[in-house]
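Peer 1: Have a look at this one.
The numbers here are math on the coordinates, done by the rules we state, and not lab data. What you are looking at is a predicted structure, and each value in this text was computed from that prediction instead of being measured. Here the Cβ is made from the backbone with ideal geometry for all residues, glycine too, and neighbour counts use every protein chain on show.
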4 protein chains.
Amino acid sequence: MLGVGVVGYGYWGPNLVRNFMSDAETRVVAVCDRAPQRLAEVGRLYPAVKTTTDPQDLFRNKDIDAIAIATPVATHFDLALEALRAGKHVLVEKPIASTSDQASRLIDEAARRKLVLLVDHTFVFTGAVNKIRDVMRDESFGRLQYYDSTRVNLGLFQHDVNVMWDLAVHDLSIMDYVIDAAPVAVSATGLSHVPGQPANLAFLTLFFDADIIAHINVNWLSPVKIRRTLVGGSKRMIVYDDLETSEKVKIYDKGITVTETPDDVRKLLISYRTGDLWSPKVNETEALRLEVAHFRACIENGEKPLTPGERGLAIVRMLEAADESMKRRGEAITI
Amino acid sequence: MLGVGVVGYGYWGPNLVRNFMSDAETRVVAVCDRAPQRLAEVGRLYPAVKTTTDPQDLFRNKDIDAIAIATPVATHFDLALEALRAGKHVLVEKPIASTSDQASRLIDEAARRKLVLLVDHTFVFTGAVNKIRDVMRDESFGRLQYYDSTRVNLGLFQHDVNVMWDLAVHDLSIMDYVIDAAPVAVSATGLSHVPGQPANLAFLTLFFDADIIAHINVNWLSPVKIRRTLVGGSKRMIVYDDLETSEKVKIYDKGITVTETPDDVRKLLISYRTGDLWSPKVNETEALRLEVAHFRACIENGEKPLTPGERGLAIVRMLEAADESMKRRGEAITI
Amino acid sequence: MLGVGVVGYGYWGPNLVRNFMSDAETRVVAVCDRAPQRLAEVGRLYPAVKTTTDPQDLFRNKDIDAIAIATPVATHFDLALEALRAGKHVLVEKPIASTSDQASRLIDEAARRKLVLLVDHTFVFTGAVNKIRDVMRDESFGRLQYYDSTRVNLGLFQHDVNVMWDLAVHDLSIMDYVIDAAPVAVSATGLSHVPGQPANLAFLTLFFDADIIAHINVNWLSPVKIRRTLVGGSKRMIVYDDLETSEKVKIYDKGITVTETPDDVRKLLISYRTGDLWSPKVNETEALRLEVAHFRACIENGEKPLTPGERGLAIVRMLEAADESMKRRGEAITI
Amino acid sequence: MLGVGVVGYGYWGPNLVRNFMSDAETRVVAVCDRAPQRLAEVGRLYPAVKTTTDPQDLFRNKDIDAIAIATPVATHFDLALEALRAGKHVLVEKPIASTSDQASRLIDEAARRKLVLLVDHTFVFTGAVNKIRDVMRDESFGRLQYYDSTRVNLGLFQHDVNVMWDLAVHDLSIMDYVIDAAPVAVSATGLSHVPGQPANLAFLTLFFDADIIAHINVNWLSPVKIRRTLVGGSKRMIVYDDLETSEKVKIYDKGITVTETPDDVRKLLISYRTGDLWSPKVNETEALRLEVAHFRACIENGEKPLTPGERGLAIVRMLEAADESMKRRGEAITI
């Protein structure tokens, strides 16, 4: 039985606690939050769980083997580092830390102490994303041509990070998982509409070495919620709509066929193919449930998780480059 | 009765001919196209209309007062210039020409000869766009914050212009009409997936002097057709979906309210407003029908059209800057 | 070259004329309509076609081999009978006639004179309906369990027939084509909201000898347009949405599995299967174009059409029974 | 503080328990269920709540003031009667009982003992249904013309009641609440596809004295989930789609205008009006939360609930008549 301590009981923390509670092989020993009224809620729902406003109580607790961190980004590094130093395995919210330097130091600390460091890139554990990955890796998909995601809604404005670190981080972690190549540069633009606050909408283009391009549109100020990703392959195309209840992933047998005319390269004949649509059943198990079980299994077997600190670091590097590009109004920055 | 000659009977030409035919005050005198089989089709449908493969036949024809040009972009300038020189009023497909220099020369020629030069920015004549313009100009909308459009589908690949000159031109002309400010710089990225051909997908960000940002996503290689624009105001927000049959324009009484804390600017309190949705009935008259009538009225009354050469020039300048930015992988280029 | 005369140039007539015109092997000789302004429109579009307000001019015309009838239902019988007696093949709008007796007499007349009598059950010629038929006939579909269609919109109110004869006739003709069994009784309910006018909304249930049931919901007074049919099979299920542009037919690998417990029939265990969704590409050729070509081929080869008078009669018998049932507030009437 | 006992912890019971727990003025004293593993789940989540397999333990418990019953329909009567006899207030799942006679006896028993008897017609407590009721009662709606609801999905098959008692009961209770008139007769048809089991799909038509008609389509064997109701008024129309997340209720300014021609009643001119669409914000508070608070308030103040036994009885009478009609294949049965 793995003893777990959870730091942060705001938006995401309750989901962590609920999933650790329902996993038969883990138990939540204690929950820490700065706000006493949130701890009171823990007490009402889970009378057996200890509550505290001091994270040190968790780090010192011998019954706790692992710490899950769901606090504001700016606090990730300190909390994760202390947890690791106290010999605890760590599951940390995305993004892993505020800077790539911090992310590297956490990776080193975990490696030195042979502790599991898992970044909560939740979408990597969804049935939909794994189905997309399978489809993209199948020969029938052809070569990847583009990845284009829109993730917009009204709220929740963050005060310590811009919308890229809050929303685009999801798309970057999905891309990092499904695309067999890493972006080499990024162009980002965006704007803040609240004086003194971080950008609340942003548009990113990621460049690859191959003929691949990726684009991400994130916005905290949209009247409608959109979670739609188009993935273009030379033979098939995917539409992933995370708001659909039953048909999240649709695969289109569509594309173009280019016929070259030997003597005149400008006279390429482009014809359009339109075939069947196929929407495969995807595993609907809650992603966090699978992630929690995976975290536990990694600890038990001493294995590297699917989303280790290294993947968190890769994403943070993209975000840092995007921040720099946004300052320079879209100038491409090498990652 | 206004005599009209139409040059180009490919994709758009038939719509021009049909609308000039159905306008009681205009008549189509002759149609010119390079392809004899297309002219044969004209003959079957409209036996009274002359057909020719030589545009000079139209320019020389005394019964023709105005020329409508629906040919590939590269030919717009020469055809429009000759038509103007022959003393004909001109309606020319978007974009007005291949370069801003060409556009300027057409404007000058038309001005010197006191001829009407109308660029076919069709969306400006739709009920939906005019409704959006009204909503945006009403005080209840608040300040404009962003304009974000997605215009993607499978095909039709153009050989002489990239996807921005084919699809984004629509969004730029709508923006130019509904926004009371002009963009000052543009950052564009994109890619071609067919060797030697122009970019088939592109992402543009347009910067303004005020706290406004615009974004356009265009793609010839999308499995699904999307025509959706989000317009954010500080008090209201608009979703314009041109594929909806009955509710193209939706107005959301949504937004954020920012409460400042005097001593700590970082402690802004952001709350979210969600009210009713309203979808006004919009005029469903075919845009081209209104445009044709407007073109005729301008000729009759010697008035400047709603979409004169000057607006065509403004759009071409944005597209030229976008082309330059795309070459530099997103570096912002002043318009 | 088949010479065709078209009687009726209101809502559907123009479609018939256009399709007969575009078929290379037929030509429209003359069009008849009571309204001179409609005939003027024919003249503008098709100067070579004769126009008349007297159908006798068509029946007497030696250049005319076949007559297409697109007039109000009440006139179908007289016009079709006269056309047949004049030795013309007949394509008649749905429903074939106002009564089953009339329908029988037309069938007899056509048979005696060896003339083709085709009822315009247009949907039978669509790619979507034929795909559905194929799916239903495949073993993988299992046994048919139900057919449930909703066909509602605002307008167009008819004055001489109720909404069943206008809208449900489509569903009945589709069912007649795709289901390998005939309904034996019908229960219908409905109401008129305009005094003295026929029912403008109606609900039909059709009973079969087997464990099949069909249901049709038709309404001229709906705020939204719906064209959706659910077809349940014991192994697969179909959703047919005729308003979808690209995915009209969706096939669900869904259903229930019933496990019997030998000693207690009440203790049946019902489990639910949910598999992939598949939307096959369907032939998008305009149905009327195929129907016109089929009509011509039947005339040339002396073959029975896919929708002969007998199918029209079968549908009229269902509608007559439904009318009787509606009068008796839903009492089942044997067909 | 109101002490509550909950009988039945299957599909709906957990929702009752959760809402009684979160209401600050009630507390769940004990939960009863036949299945020990379900009681174990109660124990894990709510360690302070007593569990038992014997409902008598709840009826005898002095700390319990009210009993909530969420068991199969066949057991409602006995459990509710015993609870009332033990002096407990009762909240019972829909439908209130298996027969109208049983329902009447429960109403009498509650009245004699001055106890609150509330039937869980949940939809009556939703923001959407209350908004619809407001719109329908406003003069701008005109006269009600029809109510047409579709409520279909795959599962959950019930063994003791047919699909009307499981799904149509929702529509009947909504109609009962929003329509200012009672149906006088019902025609119902349906079928069972599992031998020996109750009907799994059914179609009901309800007749009123006025020019109003209602129709309900329910099905446990549909590949897609639909929850859509059309409500037609002479001036406005409503579409209520309970599956929409943000725009459940849409109000259309649509309809027909009938112009009478004095001398010829058949020459009515019907014209169509199409105006704006409006989707009002609706209260999104969970219905059961409001219902639980309402139940408590009725007990405290000795008031009649919004959904008393009498409304439950009215619905059961409709269902009984529908059952009878279904046996007679749609023959209208007086309610």
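Peer 1: I want the antiparallel fraction of DSSP beta bridges within the protein assembly as shown, as a percent rounded to 5.
Peer 2: 60
Peer 1: Would you report the distance distribution of C-alpha pairs in segment B:1-68 as whole percents per 5 angstrom bin, up to the bin with the largest distance?
Peer 2: Computed distribution, short to long bins: 4, 20, 33, 27, 14, 2.
Peer 1: Read phi for every residue in segment C:268-279 and hand back ³J(HN,Hα) as whole Hz from Karplus 6.51 cos²θ - 1.76 cosθ + 1.60, θ = phi - 60°, with x for Gly and Pro.
Peer 2: 4, 9, 10, 10, 10, 9, 9, x, 6, 10, 9, 10
Peer 1: Hey, what does the equivalent ellipsoid look like for segment B:2-115, semi-axes from the Cα gyration tensor as sqrt of 5 times each eigenvalue, largest first, whole Å?
Peer 2: The three semi-axes for segment B:2-115 are 23, 15, 12 Å.
Peer 1: Further question: Treating only the Cβ atoms of Lys and Arg (+1) and Asp and Glu (-1) as charged, compute the dipole magnitude of segment C:12-130 about its Cα centre; round to the nearest 20 debye.
Peer 2: 180
Peer 1: Residue farthest toward the positive end of the dipole of segment A:2-115, with Cβ of Lys/Arg at +1 and Asp/Glu at -1: which of A:Ala97, A:Trp12, A:Ser22?
Peer 2: Final value for the positive-end residue is A:Ser22.
Peer 1: Treating cross-link reach as a plain straight distance, find the aspartates and glutamates whose alpha-carbon is under 15 Å from the alpha-carbon of D:Lys62, omitting any fewer than eight places away in the same chain.
Peer 2: D:Glu82
Peer 1: Here is a follow-up. Need one number: the % of Cα-Cα pairs in the protein assembly as shown sitting beyond the 66 Å mark. The partial results should precede the final answer.
Peer 2: Numbers: 128513 of 897130 pairs.
Percent of Cα pairs beyond 66 Å in the protein assembly as shown: 14.
Peer 1: Normalise the Cα radius of gyration of segment B:128-201 by 2.2 N^0.38 Å (N = residues in it) and let me know the number.
Peer 2: The value comes to 1.36.
Peer 1: Would you mind ranking A:Phe59, B:Phe157 so that the residue whose beta carbon has the fewest other beta carbons within 10 Å leads the list?
Peer 2: A:Phe59, B:Phe157
Peer 1: Put a dot 7 Å past each Cα toward the Cβ at A:Thr52 and C:Asp138; how far apart are the dots in nm?
Peer 2: My value for the distance between the label points is 6.2 nm.
Peer 1: Now, a different point. Among the aspartates and glutamates, which fall within straight-line cross-link reach of C:Lys50, defined as a Cα-Cα distance under 16 Å, with same-chain neighbours fewer than 8 residues apart omitted?
Peer 2: C:Asp33, C:Glu41, C:Asp63, C:Asp65
Peer 1: Same structure again: Label A:Lys62 and C:Ser271 with points 7 Å out from Cα along Cα→Cβ: what is the distance between them in nm?
Peer 2: 4.7
Peer 1: Moving to a separate point now. Report, as a whole number in µm² per second, the diffusion coefficient that Stokes-Einstein gives for segment A:197-335 at 20 °C and 1.002 mPa s using the Kirkwood radius over alpha carbon pairs.
Peer 2: Translational diffusion coefficient: 110 µm²/s.
Peer 1: Got the relative contact order for chain C handy, in percent, Cα pairs under 8 Å and 6 or more residues apart?
Peer 2: 19 percent.
Peer 1: How large is the dipole of the protein assembly as shown about the Cα centre if only Lys and Arg carry +1 and Asp and Glu carry -1, each at its Cβ, rounded to the nearest 20 debye?
Peer 2: Charge dipole of the protein assembly as shown: 0 debye, to the nearest 20.
Peer 1: Something else about it: Where does the protein assembly as shown land at 222 nm, in deg cm²/dmol rounded to the nearest 500, when only DSSP H runs of n ≥ 4 count, each adding -39500 (n - 2.57), divided by all residues?
Peer 2: -9500 deg cm²/dmol
Peer 1: How many percent of the alpha carbon pairs in chain D exceed a separation of 31 Å?
Peer 2: 37
Peer 1: Okay, next question. Give the order of A:Thr307, C:Thr71 when sorted by the count of other beta carbons within 10 angstrom, beginning with the fewest.
Peer 2: Placing the least packed residue first, the sequence is C:Thr71, A:Thr307.
Peer 1: Which of the residue pairs A:Lys235/B:Lys254; B:Lys131/D:Lys248; C:Lys235/D:Lys254 have a Cα-Cα distance greater than 29 Å in the structure shown? Don't skip to the answer; put the middle values down first.
Peer 2: Values: A:Lys235/B:Lys254 41 Å; B:Lys131/D:Lys248 25 Å; C:Lys235/D:Lys254 41 Å.
In this structure, A:Lys235/B:Lys254; C:Lys235/D:Lys254 exceed 29 Å between Cα atoms.
Peer 1: Sticking with this structure for a sec: Apply the Karplus parameterisation 6.51 cos²θ - 1.76 cosθ + 1.60, with θ equal to phi minus 60°, to every residue of segment C:48-56 and state each ³J(HN,Hα) to the nearest whole Hz, in sequence, with x for glycine and proline.
Peer 2: Once θ is set to phi - 60°, the couplings for segment C:48-56 become 7, 8, 6, 10, 7, 9, 10, x, 4 Hz.
Peer 1: Could you please state, rounded to a whole Å, how far the C-alpha centre of segment C:300-328 is from the C-alpha centre of segment B:103-156?
Peer 2: Here the answer is 53 Å between Cα centres.
Peer 1: Further question: Only four residue types carry charge here, +1 at the Cβ of Lys and Arg and -1 at the Cβ of Asp and Glu. Report the dipole size of segment A:227-335 about the Cα centre in Debye, rounded to the nearest 20.
Peer 2: Approximately 220 debye in magnitude.
Peer 1: In what sequence do B:His170, A:His121 fall when counting other Cβ within 10 Å, fewest first?
Peer 2: Fewest to most other Cβ atoms nearby, the residues stand as B:His170, A:His121.
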